[in-house]
Number of protein chains: 2
Amino acid sequence: MQGQRKQAINEKSSQTAGLTVTKEQDFSEWYNQIVEKAELADYAPVHGFMTIRPNGYAIWEAIQKNFDEVIKARGVKNAYFPLLIPESFFKKEQEHAEGFTPEVAWVEKDRQETVERLAIRPTSETIMYDAYSKWIRSWRDLPLRINQWCNIVRWEIKMTKLFLRTREFLWQEGHNVFATPEEAEKDALEMLQEYKKLDEELLAIPVILGVKTEKEKFPGAVNTYAVEAFMPDGKALQMGTTHFLGQNFAKAFGIKFLNKKGEFEFGWQNSWGFSTRLIGGLIMTHSDNKGLVIPPKIAFNKIVIVPILFTDSKEKVLKKARELEKALLEFNPIIDDRENLSPGFKYGEWELKGIPLRIEIGPKDLEKESIMLVRRDTGEKKPVKIPEVKKEVLKSLEEMQSSLFKKAKAFLDSSIVEASTMAELKKIIEGKKMVLAHFCETGECEDNIKAETTAGTRCIPFNQKPSSGKCIRCGKPSKRKILFGKSY
Amino acid sequence: MQGQRKQAINEKSSQTAGLTVTKEQDFSEWYNQIVEKAELADYAPVHGFMTIRPNGYAIWEAIQKNFDEVIKARGVKNAYFPLLIPESFFKKEQEHAEGFTPEVAWVEKDRQETVERLAIRPTSETIMYDAYSKWIRSWRDLPLRINQWCNIVRWEIKMTKLFLRTREFLWQEGHNVFATPEEAEKDALEMLQEYKKLDEELLAIPVILGVKTEKEKFPGAVNTYAVEAFMPDGKALQMGTTHFLGQNFAKAFGIKFLNKKGEFEFGWQNSWGFSTRLIGGLIMTHSDNKGLVIPPKIAFNKIVIVPILFTDSKEKVLKKARELEKALLEFNPIIDDRENLSPGFKYGEWELKGIPLRIEIGPKDLEKESIMLVRRDTGEKKPVKIPEVKKEVLKSLEEMQSSLFKKAKAFLDSSIVEASTMAELKKIIEGKKMVLAHFCETGECEDNIKAETTAGTRCIPFNQKPSSGKCIRCGKPSKRKILFGKSY
C-alpha cells in the first residue's frame, strides 16, 4: 500500500496549475480543463480517441467493482466475445443494421480470408446472439445471463469530448435470454433500478427513470428504458439504458429452446449497458471552480495528508503524519511530503484532483494533539483531536457523500418545469432547464419540436400521477407527460 | 449468491457428454474436447478468433483479481490506452517495427481522415510511450508505473488453438519508466518473481525462470526474462515475460526527464505481460481423462453438492443439502438438484467441468449424520460427519492445491535432461523432454539446432551452478547451460 500512495504523488506532473476559467464563464472549457489538469484523460494521437489516465481509470474500476458485485449476486456471469464481427451478422436484424452501420469501422481486406468485411464491434448483440443460438437448447439452459466488459468503437463525426463523445469507449453490456417475455421485461426494469442505485448511491447523481419513445429506442428493441441525469449546463445525460428486445433478435439469430411443453419457442431477450460516459457525468455534476470533486464512495484515495514542514519541527510532524497515514490506511491516504512546494500549492493541487478530505498537520496542531480536517466540497475546516480522527473522517465522508447528492437532487428538481404551450417550452429550454409536458408520442411531433426548439424527448417518466391533457405541439389527447430537453 | 449458483446449473448444456479420447491417445483432441465440453471457450465465426465462455472467463477473472492486488501493492496503476495506433508510431523503433508489422490488422481507409493507416494494437508500447513523453518532465514524475488489461489482435497464420493461439487474446501489459537502469532492471526481475508466484501458488504450475537469447528476446528489448512451464505433450509454454528496455524506446519516443543534477536524461524502461494463454497452460497441466481439473485457489465454484434423491426421503435430503450450501457459502457451492438426471450423470458432468470437491448426500448418509466428500484430482472418497464438513473441505482444498503442484513439479523435474552431444539432444527432444546443455549463445548455432531437431532455446535458467563446458553444437567454450525444447 505504501507504494500505491507514493505513486499518487509521483504522478503529479510538475506543470500542474489551477483552472483558468470558471464553470459559469465557459462550461465546456471548464470541463476540458478539469479532465486535463486532474489527469483523468487525454486526447489520443488518433482523432476522436482518448487515453484514460490512472486517475480516471480508478473511477471506472470503482464503478466496475461495485456493479460487478451487483450483477453476480443476480446470477449474471461475465464472458468475452470477439472484437471483430462479420458484416453479414449486422444485416440479420433490419433496424439494428440501419442503426449501427453508418458508425462502423472495418478491418482492411488484406487481413481477411473471405470477401466479407469485418467490423470492429460497435456493440455485441449480433456476435453474442449467434453464439447463444448454439448454446441454448432447452428451457433448462434458461435464463442465460451474460455480461461483457469491453471496448467499443463507433466512428462518431461530432466533435470529440473526453468521456462523453469519443470513437472508442469502455462499457458493460449485459445480454440475457429468458423463457418468457415477463421475465425478460421484469429483469430489464430491475436492472434499471440497479442503474439508479449505482448512479445515486455511488456516484451521487440523481436520475429520472422512464421509457423512451418509439423514435428514440434502441435499434431492434421493443422497449428501451433509460436513466437520465441533468447536467449544470442545461443538457440531459443518459446514464444507462435497458432494453426489452422481445423475440426480434432471437428470430433473426435463431435462438430457440424446447419449452416445458416440448415445443420449440424463440427466446425472450433483454440487454442493458452503461459506459465510461458515467465519468463525464460525475465530473460535470459535482466539480467546481477549484477543480474535480469526487464523491467519497467512488474515490480511491479518500484523504490527502499535508504535513506543514518547518526546519525545526519537520521530523516530529512527519512522524505524526506517517502515524496518521497508517491509522487511516483503509481510506488509501496520500501523504504529500514534498519539500519543494508550499502547503498552499499542495492544497490547490489536491483540490484540483478532487481528493474528498484534506488533513493538515503542523507544529501548532501537534502541540494541541490535533489536526485540521478540510472537506473538498464545502471547504469547511474542522480541528479534530488526534484520537478522534478516524471517527471524524468517517463522519465527514458520509456527510460529503450525502450532501453532494442532496445538492444535485435539488438542482435536478428545480430543473424540471411543466409547460403547456410551445412558447413556454421554448423559453424553458432556452433557460437551460427541462420541460415536462403532455405529448402525443408520435415521431412527427417529436421531429417538429426538435426542429423548432433543439430539444428532444428524453423519456416518459415512470410513476406519473394519472393526468389527461393535450399534446403540447399538435393538441391531440394525451394521457401522460414526457420529458423534453437538450442532451449530450 | 443464490442466483449465481443457480446459474451455474442452468448453464450446463443438455447435450453434455464425456470426453471421447484420452490424453494419451490424442493430446491435442483431448485438449480441444475439454475446452469445448467444460464450456471454457468456443471458436468464433471469424477464423482465428475465440469466445471466452463464462467458465473460462471466471478463471481469467480470478487471475486478474490476484495479480491486480499484487501490482497495486507495488505502486502500479491501471489505465486504458487507445485500440488504434497510427502506422508511423510502429516505425519509430526499428526492431519493434520489424517484429510486429507482419501480424498487424489495419482499419479500412474510408474510416480515416489522414493518409496514415491505423493498426489494431498488437501490443501497446508505441501508443503508451508517446503519451509518457508528454506526461514525464522531471525525476519527481518517476517511477511512472502503469498497467493495462486489454484485448490484443495479432494476425497469426498458424492453426488456431483456443487460449494458446488465437488472433485476439486478452492480456495485461505493464509499462514503466524509471530514473535509473538499475531500478528498471530490478523491477523487471522482481516482476518475474511475481509471475512465478502467480503460476506456482495460484495456478499450481511449476516454472523455470531465465533470460532469453538475443534471438528470442522481445523486439526492442535489451533483455527479455521469461517464465517457462512444460506441458505433458512435451512442449514448453511461455507463461509470461518481463523486459528491460534500456533507453531504446525512450530515445525513439522522446521520453526525457530532468534528473536531480538538472540535466535532461532519457527514461529507463521495462515492461511485463502475460495473457489468456495461462488458461491453456492450466488446462493442459492438471486435467485428466475425466476432464478439466481446476486448482482450488483459482476455482470460483469450489464445491458441488449432489443430493441423492429418492421419492420418500427427497425433502429431508434436499433440506440438509441446502443447509450445507449455506454453511459453505464462502466456497460458492453449486447445488445440483436436477431431478431428471441420475447422480452418476451429475458426477460425470461436474468432473468434466473441474469442480474441485464433490459432496454426495443421500438418505443413508443422513442417518449417519454424515456426507461423502470426493476429491476431483484423486477421486478419493471420504465420509465426513456433518459438523466437521467445513474443516474437512478446507483441508481437502489445501491438500488438493499442494498435491497438484507437487505432481506437476515432479513431472517438470523429470522432464529436464542434461545432454552433451547433438545425438543425445535429439533423442531427448524426441522423447518429449527438454534438454539442458552448454551452448555458445550465438544465433547461428540456435538456428542450426532448430533446423536439425525442431527444438528452440527456451531460456538460460537462473541460479545455475558455475560450470564450464563446450557448446553442444559448435564446441566453442561455454560458461552456462541453456534450456532447449519444443514450444507452443
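The values are calculated or read from the model by the stated rules, or taken from the named source; none is laboratory data. This is a predicted model, so every value here is computed, not measured. Glycine also receives a Cβ, built like all others from the backbone with ideal geometry; neighbour counts cover every protein chain displayed.
Read through the list (1) at pLDDT 95 or above; (2) assigned to a helix (DSSP H, G or I); (3) β-branched (Val, Ile, Thr), then give the number of the only condition that residue A:21 fails.
(2) is the only condition that residue A:21 fails.
For the stretch A:209-259, how many residues meet the condition of being under 17 Å from residue A:458 (Cβ atoms) and among the small types (Gly, Ala, Ser)?
The qualifying residues number 7.
Being among the charged types (D, E, K, R) and without any contact (Cβ under 8 Å) to a residue 24 or more places away in the chain narrows it down to one residue among B:69, B:103, B:98; which is it?
Working: B:103 fails: without any contact (Cβ under 8 Å) to a residue 24 or more places away in the chain; B:98 fails: without any contact (Cβ under 8 Å) to a residue 24 or more places away in the chain.
B:69 is the lone residue from the list that is among the charged types (D, E, K, R) and without any contact (Cβ under 8 Å) to a residue 24 or more places away in the chain.
Taking the stated definitions as given, is residue A:126 surrounded by fewer than 18 Cβ atoms within 10 Å (Cβ to Cβ) and either more than 11 Å from chain B (Cβ to nearest Cβ) or touching a Lys or Arg at 6+ places or on another chain (Cβ under 9 Å) (or both)?
No.
Could you say whether any residue in the stretch B:75-90 is more than 10 Å from every other protein chain (Cβ to nearest Cβ), surrounded by fewer than 18 Cβ atoms within 10 Å (Cβ to Cβ) and in contact (Cβ under 8 Å) with a residue 24 or more places away in the chain?
Scanning the stretch B:75-90, I find at least one residue that is more than 10 Å from every other protein chain (Cβ to nearest Cβ), surrounded by fewer than 18 Cβ atoms within 10 Å (Cβ to Cβ) and in contact (Cβ under 8 Å) with a residue 24 or more places away in the chain, so the answer is yes.
How many residues are more than 19 Å from residue A:355 (Cβ to Cβ), surrounded by 13 or more Cβ atoms within 10 Å (Cβ to Cβ) and among the small types (Gly, Ala, Ser) if we restrict to the stretch A:385-410?
The number of residues fulfilling the criteria is 1.
Can you tell me how many residues within the stretch A:59-74 are more than 7 Å from every other protein chain (Cβ to nearest Cβ) and either among the aliphatic types (A, V, I, L, M) or more than 20 Å from the chain's Cα centre (by Cα) (or both)?
5
Considering only the stretch A:91-114, state which residues are facing another protein chain (nearest Cβ under 7 Å) and surrounded by fewer than 16 Cβ atoms within 10 Å (Cβ to Cβ).
Passing the criteria: only A:113.
With respect to residue B:402, is the statement that it is farther than 30 Å from residue B:316 by Cα, part of a loop (DSSP other than H, G, I, E, B) and polar (S, T, N, Q) true?
Working: farther than 30 Å from residue B:316 by Cα: yes; part of a loop (DSSP other than H, G, I, E, B): no; polar (S, T, N, Q): yes.
No, not satisfied.
The rows are residues; the columns are (1) closer than 26 Å to residue B:284 by Cα; (2) charged (D, E, K, R); (3) touching a helix residue (DSSP H, G or I) at 6+ places or on another chain (Cβ under 9 Å); (4) not assigned by TED's automatic domain parsing to the domain that holds residue B:305.
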{"site": "B:444", "(1), (2), (3), (4)": "no, yes, no, yes"}
{"site": "B:449", "(1), (2), (3), (4)": "no, no, yes, yes"}
{"site": "B:466", "(1), (2), (3), (4)": "no, no, no, yes"}
{"site": "B:473", "(1), (2), (3), (4)": "no, yes, yes, yes"}
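In the set A:260, A:215, which member is over 29 Å from the mean Cα position of the chain (by Cα) and either in the same structural domain as residue A:176 (by TED's automatic domain parsing) or within 19 Å of residue A:176 (Cβ to Cβ) (or both)?
Selected residue: A:260, the only one of A:260, A:215 that is over 29 Å from the mean Cα position of the chain (by Cα) and either in the same structural domain as residue A:176 (by TED's automatic domain parsing) or within 19 Å of residue A:176 (Cβ to Cβ) (or both).
Looking at (1) surrounded by fewer than 21 Cβ atoms within 10 Å (Cβ to Cβ); (2) within 11 Å of chain A (Cβ to nearest Cβ); (3) not small (Gly, Ala, Ser), can you tell me which one residue B:158 breaks?
It fails just one condition, (2).
In the set A:11, A:36, which member is within 13 Å of another protein chain (Cβ to nearest Cβ), modelled with pLDDT of 95 or more and closer than 23 Å to residue B:124 by Cβ? Lay out the reasoning, then the answer.
Values: A:11 fails: modelled with pLDDT of 95 or more.
Result of the check over A:11, A:36: A:36.
Go through the stretch B:152-167 and report how many residues are out of contact with any Lys or Arg (no Cβ under 8 Å at 6 or more places or on another chain) and either under 17 Å from residue B:32 (Cβ atoms) or in contact (Cβ under 8 Å) with a residue 12 or more places away in the chain (or both).
Looking only at that region, the number is 3.
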